[in-house]
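The values are calculated or read from the model by the stated rules, or taken from the named source; none is laboratory data. In this text the structure is predicted, and so the values were computed from the model without any measurement. Using ideal geometry, Cβ is built from the backbone for each residue, glycine included, and neighbour counts are taken over all protein chains shown.
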Amino acid sequence: MTSSSRRSRSLVLGSLVALVVGACGPTASPGGSASPGSSAEPTPVTGASCASGATEVKFWTSHTPPDSDTLAKIVEAFNTANTDICVKMTIVPGGETDIAKLLTAIRGGVAPDVYMADRFTVPQRAEEGALDALPASSEAKKSEHVEFAWNETQYKGKTYALPFDTDARALWYNKDLITAAGEDPAQLDISKGAPTIELVTRIADKINKLDASGNYEIMGWMPGGPGDSGPGAFDQGWHYTWGFVHGGSFAEGCDVTPTNPGVVAGFQFLYDWQKAHDPQKVARWVTTNWPPQSPQQSFPFWTGKLGMTISGDWQIANAKKYAPNTNFGFTFIPVPKEGDETATWAGGWSMALIPNSKAKDQAVKFIEYATGPDGQRVYTKDTTHLPTLTALQQDASLFDEQHKVFLDLLPDAKNRPPLAVGGIYWDALTQAQGSVELNSKTPQEALEEVETTVQPRLDEVGC
């Protein structure tokens, strides 16, 4: 850390609120009654039956149903087993890089004790002072977790969170829509290896259907964005997805590398695909079929409005719940050329301790429970995410045939670099993706701007 960053650290939390709100709009969550800038606390969804006199632990998550339902189940199981502690879980507005509500609460002295943080952002949150280092009992759990997930919780020799879950990504496809378009879905069977982008685009274009106004009624696939709230991905067609698929590297040591040739090639694919399919028509389709705050049962892949999508293992649980009759399959994410190496990536969340907790010991006990076998087993089974605990990855009872496909992808999965500017980097890449997909900037110039924005920040805080 440079001397200037040491002097400015106490100011970071105040300035970051503006940065986060400016970088990505607020994401409202069911169950959270307050806006990101509000000081009022939303109503907890657990803890109503806690024993009188139990020590209260406030736990915040930005997850929404159905995943938050399982989180509540884990919390209530912990409360039942530990009657002297009462964990009250609250769903708050936020997202992967949007922690404006948390930062406001920290500044106002009403912060939670435990926060569910997107794991790749943990180093940045630690640098900002938004997270507290965990004790030795937590650090001793290193050998229990997969290496990449543990590494994402580390910053300058200390552990700032414990891994909770992970995932992997693939191409999901609707067999009936492909058949109706005159193509054979067997072309995409995973046993045949990764399909090419050209093949998937050709099949998808046959699925495309226009309405009387010339707008898309059904889309064959959405390789990128926009997302439901603007720049970014529809589902998992992120900048990282296509950069990795094209052999790109996003960081080397203490340098971000958004202009790496593979990353540029991934953005060029998104630029070209949007140009061929009309960015405005694509955006109108998203607005019509997947507006902000849509319930999961309205997801276009379930409603027959989308033929293919890049998505993850968690959709297995959603399919069973919301679209049990959808005839789907999944295969490797498409590659540029036949024979190219397949690529996927893994993310995941973590449980973190917030500074100045008045119930630190109890909060740590809950963190270790939720991220331990009892918590991860329930979350894996109910939500079809993947566990970070290596012992649970060996438990065949947790994975049906479909789920195991994603588990088998995990050893070769790539990961986002766990940098002290991880969230800032993500947001800058997201804005660049939006500009490129609107065809308002070339990939090279958009990614040069990312480097110009992010690298000085990384230079300031260090690795």
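Could you list, in sequence order, all residues of the range 48-60 that are closer than 14 Å to F78 by Cβ and surrounded by fewer than 21 Cβ atoms within 10 Å (Cβ to Cβ)?
If the condition is that a residue be closer than 14 Å to F78 by Cβ and surrounded by fewer than 21 Cβ atoms within 10 Å (Cβ to Cβ), then S49, C50, A51, A54, T55, E56 are the ones that fit.
For the range 315-328, how many residues are touching a Phe, Trp or Tyr at 6+ places or on another chain (Cβ under 7 Å) and either farther than 26 Å from S68 by Cα or crowded, with 23+ Cβ neighbours inside 10 Å (or both)?
Summing the residues that are touching a Phe, Trp or Tyr at 6+ places or on another chain (Cβ under 7 Å) and either farther than 26 Å from S68 by Cα or crowded, with 23+ Cβ neighbours inside 10 Å (or both) in the range 315-328 gives 1.
Filter the range 188-201 down to residues that are of a type outside the set (A, V, I, L, M), part of a helix (DSSP H, G or I) and under 17 Å from T309 (Cβ atoms), then give me how many there are.
1
Go through G312, G307, G347 for me and flag whichever is in contact with a Gly (Cβ under 6 Å, 6 or more places away or on another chain), surrounded by 17 or more Cβ atoms within 10 Å (Cβ to Cβ) and either within 24 Å of A161 (Cβ to Cβ) or not charged (D, E, K, R) (or both).
Going through G312, G307, G347 in turn, the sole match is G307.
Return only the number of the condition from (1) of a type outside the set (D, E, K, R); (2) surrounded by fewer than 21 Cβ atoms within 10 Å (Cβ to Cβ); (3) in contact (Cβ under 8 Å) with a residue 60 or more places away in the chain; (4) more than 25 Å from Y160 (Cα to Cα) that L410 does not satisfy.
So L410 meets the others, but not (4).
Which of the residues spanning the range 263-278 are under 26 Å from I424 (Cβ atoms) and either surrounded by 19 or more Cβ atoms within 10 Å (Cβ to Cβ) or of a type in the set (D, E) (or both)?
If the condition is that a residue be under 26 Å from I424 (Cβ atoms) and either surrounded by 19 or more Cβ atoms within 10 Å (Cβ to Cβ) or of a type in the set (D, E) (or both), then V263, V264, G266, F267, F269, L270, Y271, Q274 are the ones that fit.
If I ask for residues that are within 29 Å of L407 (Cβ to Cβ) and touching a Pro at 6+ places or on another chain (Cβ under 7 Å), which ones from the range 132-153 would you list?
Of everything in the range 132-153, those that are within 29 Å of L407 (Cβ to Cβ) and touching a Pro at 6+ places or on another chain (Cβ under 7 Å) turn out to be H145, A149, W150, N151, E152, T153.
Could you please find all residues in the range 152-197 being closer than 26 Å to T388 by Cβ, touching a residue at least 40 places away in the same chain (Cβ under 8 Å) and among the small types (G, A, S)?
A161, A168, A170, A194
State which residue pairs qualify: first residue assigned to a helix (DSSP H, G or I) and inside the range 269-298, second residue modelled with pLDDT of 95 or more and small (G, A, S) in any location, beta carbons under 6 Å apart, and separation of 6 or more residues or different chains.
L270/G224
Residue by residue through the range 244-262, note down the ones that are at pLDDT 95 or above, in a loop (DSSP other than H, G, I, E, B) and surrounded by fewer than 19 Cβ atoms within 10 Å (Cβ to Cβ).
Once the filter is applied, which keeps residues that are at pLDDT 95 or above, in a loop (DSSP other than H, G, I, E, B) and surrounded by fewer than 19 Cβ atoms within 10 Å (Cβ to Cβ), the range 244-262 yields G247, S249, T259.
Residue under question is R119, and the condition is that it be within 23 Å of the chain's Cα centre (by Cα), at pLDDT 95 or above and either buried (at least 19 other Cβ atoms within 10 Å of the Cβ) or not assigned by TED's automatic domain parsing to the domain that holds T90 (or both); does it hold?
yes
Looking at N174 and the list (1) closer than 22 Å to G237 by Cβ; (2) surrounded by fewer than 24 Cβ atoms within 10 Å (Cβ to Cβ), which single condition is not satisfied?
(2)
Given the criterion out of contact with any strand residue (DSSP E or B) (no Cβ under 7 Å at 6 or more places or on another chain) and on the phi < 0 side of the Ramachandran plot, identify the matching residue among Y115, Y155.
Answer to the check: Y155.
Please give the helices (runs of 4 or more DSSP H) falling wholly within the range 356-405 in which 2 or more residues are in contact with a Cys (Cβ under 9 Å, 6 or more places away or on another chain), on the phi < 0 side of the Ramachandran plot and in contact (Cβ under 8 Å) with a residue 24 or more places away in the chain.
Qualifying helices (runs of 4 or more DSSP H): none found.
For A133, all conditions in the list (1) surrounded by 24 or more Cβ atoms within 10 Å (Cβ to Cβ); (2) under 25 Å from Y379 (Cα atoms) hold save one; what is the number of the exception?
Every listed condition holds for A133 apart from (1).
Go over the candidates A251, A233 one by one and state the one that is in contact with a strand residue (DSSP E or B) (Cβ under 6 Å, 6 or more places away or on another chain) and of a type in the set (G, A, S).
The conditions single out A233.
Among (1) part of a loop (DSSP other than H, G, I, E, B); (2) in contact (Cβ under 8 Å) with a residue 40 or more places away in the chain, which single condition is W221 missing?
(1)
Exactly one of (1) surrounded by fewer than 17 Cβ atoms within 10 Å (Cβ to Cβ); (2) of a type in the set (S, T, Y); (3) within 30 Å of D176 (Cβ to Cβ); (4) under 25 Å from the mean Cα position of the chain (by Cα) is unmet by T241. Its number?
Condition (1) is where T241 drops out.
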